[in-house]
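The values are calculated or read from the model by the stated rules, or taken from the named source; none is laboratory data. In this text, all values refer to a predicted model and were calculated from it rather than measured experimentally. Backbone-built Cβ (ideal geometry, glycine too); neighbour counts: all protein chains shown.
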Amino acid sequence: MTTPSKTWIADLPKDRLIAEFSVWSADLVRLADDLARVDPHVDILHIDVADGHFAPAMLFFPDLVASVRKVSARPIHVHLMVADSILLSQIEQFADAGSDLISLHVENESVADEALDLLDRRGVAAGMVLKVDTPVERVEKYASRLSFVTLLGTAIGVKGQGLDEKAGARLQQAKQIIAGCGAAHRIVLAADGGIREHTVPLLRQSGAETVVLGSLAFNAPSLDERMAWVRAL
Ligand SMILES: O=C(CO)[C@@H](O)[C@H](O)COP(=O)(O)O
């Protein structure tokens, strides 16, 4: 499969929610089939990476990204939840595997500037993610270097949780930071975690341009109906 052009972020929809599908919630035993099933609805594939230390889960690896790259032409967003000590080598490996966008954490503070420089050199779009209790203003100093800002709405690296009650206000704050950072390029605001039928309207109204869809999409009784609903919000 060919990789998306460098302008893919600017070309993402502006008049509806961008659909970012979380591979963690796919049928992992029949992954290629499940990705083919959802593909017509996918704007971005989201692949979580966790080292069991920075985040409690152990998740995904570069060879999986390279395999997904072979069966999908959709942009791949890798969300790194890894310790500072291994962040730069993980960026190299996931860039080699064909990632289009790699997000590190604002909490990776000791290596964050170096990581953003590395992503720039590698020609991979850069994103940053904030844990649910991290002050939103901590992204301000990085914002103009980013293409994506993602706010977690739940504890890091755990599926199936409810949305934190501060999520809407935090998105509004992030939206203001993005608007005021002076970047000439597009910076997409994303919500990840706690994405449920009753939370997506609030997240959308609070400024989320994309939501990371897990079980809400993969386990929908009718994916066509669920995604028509998402796109109409
Ligand atoms: O990272 C996350 C959750 O933090 C997502 O990427 C999961 O895939 C969400 O799964 P569900 O909770 O929606 O089933």
Handout entry: Long-range neighbours under 7 Å by Cβ, at least six apart or interchain, first residue under 18 Å from Gly160 (Cα atoms) within segment 8-37, second hydroxyl-bearing (Ser, Thr, Tyr)
Key = Glu20/Thr210; Ser25/Ser215
Completion exercise
Checked segment 179-195 for anything within 16 Å of the ligand (Cβ to nearest atom), aliphatic (A, V, I, L, M) and touching a Leu at 6+ places or on another chain (Cβ under 6 Å); matches are Ala191, Ile195
Problem - Conditions (1) under 18 Å from Ser222 (Cα atoms); (2) within 13 Å of the ligand (Cβ to nearest atom); (3) under 16 Å from the mean Cα position of the chain (by Cα); number of the one not met by Asp27 - result: (3)
Handout entry: Members of segment 156-166 that are surrounded by 13 or more Cβ atoms within 10 Å (Cβ to Cβ) and either under 19 Å from Asp15 (Cα atoms) or touching a helix residue (DSSP H, G or I) at 6+ places or on another chain (Cβ under 9 Å) (or both)
Key = Lys159, Leu163, Asp164
Problem - Candidate set from segment 86-108 (those that are β-branched (Val, Ile, Thr) and touching a Leu at 6+ places or on another chain (Cβ under 7 Å)); member that is farthest from Pro135 (Cα to Cα) - result: Ile91
Completion exercise
If we take segment 39-133, then strands (runs of 3 or more DSSP E) inside it with 1 or more residues that are at negative phi, touching a residue at least 12 places away in the same chain (Cβ under 8 Å) and of a type in the set (D, E, K, R) are 44-51
Practice task
List every residue pair whose Cβ atoms sit under 9 Å apart, with the two residues 6 or more apart in sequence or on different chains, where the first one lies in segment 134-163 and is touching a residue at least 24 places away in the same chain (Cβ under 8 Å) and acidic (Asp, Glu) and the second, anywhere, is more than 10 Å from the ligand (Cβ to nearest atom) and part of a helix (DSSP H, G or I).
Solution key: Glu137/Gln173; Glu137/Ile177; Glu140/Ile177; Glu140/Gly180
Exercise for the section: Would you confirm whether any residue within segment 171-186 is at pLDDT 95 or above and assigned to a loop (DSSP other than H, G, I, E, B)? Expected result: no
Exercise for the section: State all residues of segment 141-165 that are closer than 25 Å to Asp117 by Cβ, of a type in the set (Ser, Thr, Tyr) and within 14 Å of the ligand (Cβ to nearest atom); if no residue qualifies, say none. Expected result: Thr150
Practice task
Within segment 187-204, identify whether any single residue is of a type outside the set (Ser, Thr, Tyr), surrounded by fewer than 18 Cβ atoms within 10 Å (Cβ to Cβ), free of Cβ contacts under 8 Å to residues at least 60 places away in the same chain and in a helix (DSSP H, G or I), and answer yes or no.
Solution key: yes
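Here is a yes/no grid of residues against (1) of a type in the set (A, V, I, L, M, F, W, C); (2) touching a helix residue (DSSP H, G or I) at 6+ places or on another chain (Cβ under 8 Å):
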| site | (1), (2) |
| --- | --- |
| Phe148 | yes, yes |
| Leu151 | yes, yes |
| Thr154 | no, no |
| Gly168 | no, yes |
| Leu171 | yes, yes |
| Ile177 | yes, yes |
| Gly180 | no, no |
| His185 | no, yes |
| Ala190 | yes, no |
Fill in the blank from the handout: Inside segment 30-69, the number of residues satisfying the requirement of being within 14 Å of the ligand (Cβ to nearest atom) and among the basic types (Lys, Arg) is 0
Completion exercise
Given (1) buried (at least 19 other Cβ atoms within 10 Å of the Cβ); (2) hydroxyl-bearing (Ser, Thr, Tyr); (3) within 20 Å of Leu233 (Cα to Cα), Ser147 misses just (3)
